[in-house]
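One structure is given here, and the rest of the page talks about it.
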Amino acid sequence: MPQDASRHVALLVFDGIQVLDASGPAAVFGAANDAAGRPFYRMHVLSAHGGAITSNCGLALLTEPLAALRPDAMDTVLVAGGSKQGMQEFIAHAPVRQWTTRACAGARRYGAICTGAFALAAFGLLEGRRVATHWEATAALGRRHPGLRVDANALYVEDGAVWTSAGVTTGIDMCLALVARDLGDAVAHAIARRLVLYARRPGYQTQFSPLLAAQARGDHGFEALVDWMRAHLAEPLGVERLAERAGMAPRSFHRRFTAAIGETPARFVETLRLDHARQLLHTPLMLKEVAAQAGYATPGLFSKAFVRRFGMAPNLFRDMHAGR
């Protein structure tokens with residue numbers, strides 16, 4: 001490998017990978033080079049033997065063999081996710097385990113996109129860490145590796161030198177955060193604009209927004225009401241008012257709404273309010289303004305609800321995610 005000033009990024013793939021787990025991060029690091037005006041990163045897409053590998057949608061990727069690169073020369077090492085069979089074969093390949101373990105030991109940082117966390121965990125590289133993975137796989141990852149602290153909600157997680165993301169497009173969010181750490185927020189924002197992203201999503205954002213979770217439950221007849229609730233979070237939203245808005249008796253509304261959405265009306269209102277509050281905490285608004293806009297009468301009531309749901313005070317949450 002030629003000696004240069006670039007930071008070498010290894011993206012490990014295999015037959016059956018989720019193509020966006022590879023193409024998304026590659027696009028981010030490539031765009032970072034353009035934004036920086038120099039080859040700040042040198043991207044290596046690696047597989048056990050090199051050559052063409054086939055993604056889960058049939059697209060082929062041309063890869064370099066692991067043996068062609070020194071594992072101790074990597075700045076960043078990432079493992080993509082993909083099919084269960086492909087991941088099992090990847091994990092079982094002894095040279096892959098040896099190369100990856102050595103590369104991660106010497107890298108400034110390492111991590112995984114989506115179910116790539118299963119490989120790093122199998123190699124003993126995530127023990128004791130807080131990690132993310134695709135929402136469908138969080139329970140399985142926790143059962144298989146009880147020494148991990150699996151965050152079932154986060155889009156991506158940074159735990160020391162270890163970065164892990166949830167599924168598919170969240171790899172883009174995580175890699176934008178990596179670039180922001182290296183080159184600054186302005187460069188990361190420029191990349192997001194170039195990739196025509198709606199927004200740079202912070203890692204603490206949940207994999208499923210409350211609205212998306214409600215939509216995922218199908219045609220339940222409460223779509224218009226949920227939209228109205230989101231637009232009136234700062235107002236009282238008791239069962240009686242919601243039932244009147246839905247044109248139903250309170251008891252019937254409570255029963256049908258809970259069955260359709262999966263949460264009681266009160267719990268769902270709190271979910272919407274706290275999700276909105278987390279976004280507001282990323283702004284310069286004072287705590288009392290956040291509380292008011294989220295529908296809490298006092299900052300104290302807001303703080304109690306926030307701690308109960310997320311296990312930390314709003315101010316601590318804001319401090320933890322300042323500038324990210």
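The values are calculated or read from the model by the stated rules, or taken from the named source; none is laboratory data. Fair warning: this is a prediction, and the values are worked out from it, not measured in the lab. All Cβ positions, glycine included, derive from the backbone under ideal geometry; neighbour counts span all protein chains shown.
In summary, residue 241 fulfils each of the numbered conditions (1) part of a helix (DSSP H, G or I); (2) closer than 17 Å to residue 309 by Cα with the single exception of condition (2).
Tally time: how many residues in segment 231-254 are closer than 21 Å to residue 296 by Cβ and surrounded by fewer than 17 Cβ atoms within 10 Å (Cβ to Cβ)? Before the answer, list the steps.
If we filter segment 231-254 for residues that are closer than 21 Å to residue 296 by Cβ, which is where we start, we get 231-242, 245.
Now narrow it down to the ones that are surrounded by fewer than 17 Cβ atoms within 10 Å (Cβ to Cβ): 231-232, 234-236, 238-241, 245.
Number satisfying all stated conditions: 10.
As for segment 281-288, it holds at least one residue that is part of a helix (DSSP H, G or I) and either over 25 Å from residue 239 (Cβ atoms) or not assigned by TED's automatic domain parsing to the domain that holds residue 233 (or both).
Restricting attention to segment 75-88, does a residue exist that is in a helix (DSSP H, G or I) and buried (at least 17 other Cβ atoms within 10 Å of the Cβ)? It would help to see each step written out before you state the result.
Residues of segment 75-88 in a helix (DSSP H, G or I): 84-88.
If we keep only those that are buried (at least 17 other Cβ atoms within 10 Å of the Cβ) as well, we get 86-87.
The answer is yes; a qualifying residue exists.
Applying a threshold of 8 Å to beta carbon distances and a minimum spacing of six or more residues, or different chains, the list of pairs starting in segment 107-131 at a residue that is free of Cβ contacts under 8 Å to residues at least 24 places away in the same chain and ending at one that is surrounded by fewer than 23 Cβ atoms within 10 Å (Cβ to Cβ) and not in a loop (DSSP other than H, G, I, E, B) reads 124/101; 128/149. For the structure I just gave you, tell me whether residue 275 is at pLDDT below 95, acidic (Asp, Glu) and either in contact with a Phe, Trp or Tyr (Cβ under 7 Å, 6 or more places away or on another chain) or farther than 30 Å from residue 185 by Cβ (or both). So residue 275 does not fit the description; no.
Comparison of 115, 170, 164, 138 shows that the only residue that is hydroxyl-bearing (Ser, Thr, Tyr) and surrounded by fewer than 23 Cβ atoms within 10 Å (Cβ to Cβ) is 138. Can you confirm whether residue 187 is buried (at least 16 other Cβ atoms within 10 Å of the Cβ), more than 14 Å from residue 110 (Cβ to Cβ) and at pLDDT below 85? No: the conditions fail for residue 187. Taking the criterion of being out of contact with any helix residue (DSSP H, G or I) (no Cβ under 7 Å at 6 or more places or on another chain), closer than 14 Å to residue 35 by Cα and either without any contact (Cβ under 8 Å) to a residue 40 or more places away in the chain or among the β-branched types (Val, Ile, Thr) (or both), the residues of segment 149-198 that qualify are 184, 186, 189, 193.
Would you please name the residue that is nearest to residue 79 (Cα to Cα), looking only at residues in segment 112-155 that are touching an Asp or Glu at 6+ places or on another chain (Cβ under 6 Å) and of a type outside the set (Lys, Arg)? Talk me through it step by step, then tell me what you get.
Keep residues of segment 112-155 that are touching an Asp or Glu at 6+ places or on another chain (Cβ under 6 Å), which gives 113-114, 129-130, 132, 147, 155.
Going one step further and asking which of them are of a type outside the set (Lys, Arg), we end up with 113-114, 132, 147, 155.
Values: 113: 6, 114: 9, 132: 13, 147: 20, 155: 16 Å.
Checked segment 112-155; the qualifying residue nearest to residue 79 (Cα to Cα) is 113.
Every test in (1) in a helix (DSSP H, G or I); (2) β-branched (Val, Ile, Thr); (3) surrounded by fewer than 22 Cβ atoms within 10 Å (Cβ to Cβ) is passed by residue 45 save one, and that test is (1).
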